[in-house]
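Enquirer: A single structure is presented below for examination.
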Amino acid sequence: MSYCHLVHPSHSTQRLVCPDCDALLEMPDLEEGEKAVCPRCVAPLLSNPRNSVHRTAALAFASGLLFIVANAFPFMTLEAGYRYSEMRLWQSAWGLEAEGNPYLAVAVSFFILGAPALLIGGLLYLLLPLMWNRRLPGAVPICRWVLWARRWNMIEVFLLGALVSLLKLGKLATLTLGTSFWAFIALIVCLTAALASIHPRELWARLEMPDA
Ligand SMILES: [Zn+2]
């Protein structure tokens with residue numbers, strides 16, 4: 001909590017009139033999670049919501065780990081007659097290709113592999129340096145791209161990709177879901193939460209700060 005200073009004539013920083021007692025106040029720069037109140041009547045004036053960068057970075061990092069798990073373990077096991085095979089996440093779109101839908105297979109592969117990898121990579125590239133007030137080259141276009149990409153409802157697109165694969169493959173064989181499938185579902189939840197916790201205004205403000 002921070003108390004605003006009553007205006008000193010020699011200062012020319014941002015000024016604000018208390019809505020409750022009409023005191024003319026000078027606004028201090030608020031730290032994360034701080035609120036400014038009027039020193040005279042304790043009316044709440046401004047707040048600086050708790051830093052979303054750390055939370056978004058933590059969620060993006062968790063998404064990265066889940067992405068590795070989703071790719072390292074079998075997505076599902078298939079049984080057709082005496083044949084038994086394990087399928088990885090990156091192979092899950094093959095059923096579509098086998099049925100003569102190569103374009104759909106490419107699109108599904110992109111949405112279950114390419115899109116999450118790009119988003120997680122973009123978020124980590126942007127947010128990890130920001131936690132130490134650093135900015136890597138190209139951060140501004142990447143920030144613009146991440147903010148653009150998050151307007152898509154990714155959770156539906158990812159789930160649709162996974163479900164289309166499952167339905168197609170389910171016709172060919174009996175399938176059992178593997179570790180990778182559950183990791184992928186957790187990845188969708190985590191990545192969606194990461195994208196939802198971005199505060200564009202705060203992100204831009206931090207990107208525009210001079211490097212410490
Ligand atoms: Zn006041």
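The values are calculated or read from the model by the stated rules, or taken from the named source; none is laboratory data. As the structure is a prediction and not an experimental result, all values here were calculated from the model. Ideal geometry is used to build each Cβ from the backbone, glycine not excepted, and the neighbour counts take in all protein chains shown.
Enquirer: Just a yes or no: is a residue in segment 158-165 crowded, with 17+ Cβ neighbours inside 10 Å and not in a helix (DSSP H, G or I)?
Expert: no
Enquirer: Another question, if that's okay. Testing Ala36 on (1) at pLDDT 80 or above; (2) assigned to a helix (DSSP H, G or I); (3) surrounded by 17 or more Cβ atoms within 10 Å (Cβ to Cβ), one condition comes back false. Which one is that?
Expert: Result: Ala36 fails condition (2) only.
Enquirer: Now for a different question. Can you tell me which residues in segment 172-212 are in a helix (DSSP H, G or I) and over 20 Å from Leu123 (Cβ atoms)?
Expert: Answer for segment 172-212, where residues must be in a helix (DSSP H, G or I) and over 20 Å from Leu123 (Cβ atoms): Leu172, Thr179, Ser180, Phe181, Trp182.
Enquirer: Would a scan of segment 90-106 turn up a residue that is under 30 Å from Leu130 (Cα atoms) and either more than 16 Å from the ligand (Cβ to nearest atom) or modelled with pLDDT of 85 or more (or both)? Before you say what the answer is, go through the steps one by one.
Expert: So the first thing to find is which residues in segment 90-106 are under 30 Å from Leu130 (Cα atoms), and the list is none.
Looking for residues that are under 30 Å from Leu130 (Cα atoms) and either more than 16 Å from the ligand (Cβ to nearest atom) or modelled with pLDDT of 85 or more (or both), one finds none in segment 90-106, hence no.
Enquirer: Give Ala36, Ala70 a once-over and let me know the one that is among the aliphatic types (A, V, I, L, M), under 30 Å from Pro116 (Cβ atoms) and either in contact (Cβ under 8 Å) with a residue 60 or more places away in the chain or within 16 Å of the ligand (Cβ to nearest atom) (or both).
Expert: Being among the aliphatic types (A, V, I, L, M), under 30 Å from Pro116 (Cβ atoms) and either in contact (Cβ under 8 Å) with a residue 60 or more places away in the chain or within 16 Å of the ligand (Cβ to nearest atom) (or both) holds for just one of Ala36, Ala70, which is Ala70.
Enquirer: Right, Ala139: of a type in the set (Gly, Ala, Ser), surrounded by 14 or more Cβ atoms within 10 Å (Cβ to Cβ) and modelled with pLDDT under 85 or not?
Expert: no
Enquirer: Just to be sure I understand, how many residues within segment 54-80 are surrounded by fewer than 17 Cβ atoms within 10 Å (Cβ to Cβ), β-branched (Val, Ile, Thr) and under 13 Å from the mean Cα position of the chain (by Cα)?
Expert: Selection size over segment 54-80: 0.
Enquirer: While we're here: For segment 118-141, check the following and say yes or no: at least one residue is under 21 Å from Trp182 (Cβ atoms) and assigned by TED's automatic domain parsing to the domain that holds Ala186.
Expert: Yes; the residues of segment 118-141 include at least one that is under 21 Å from Trp182 (Cβ atoms) and assigned by TED's automatic domain parsing to the domain that holds Ala186.
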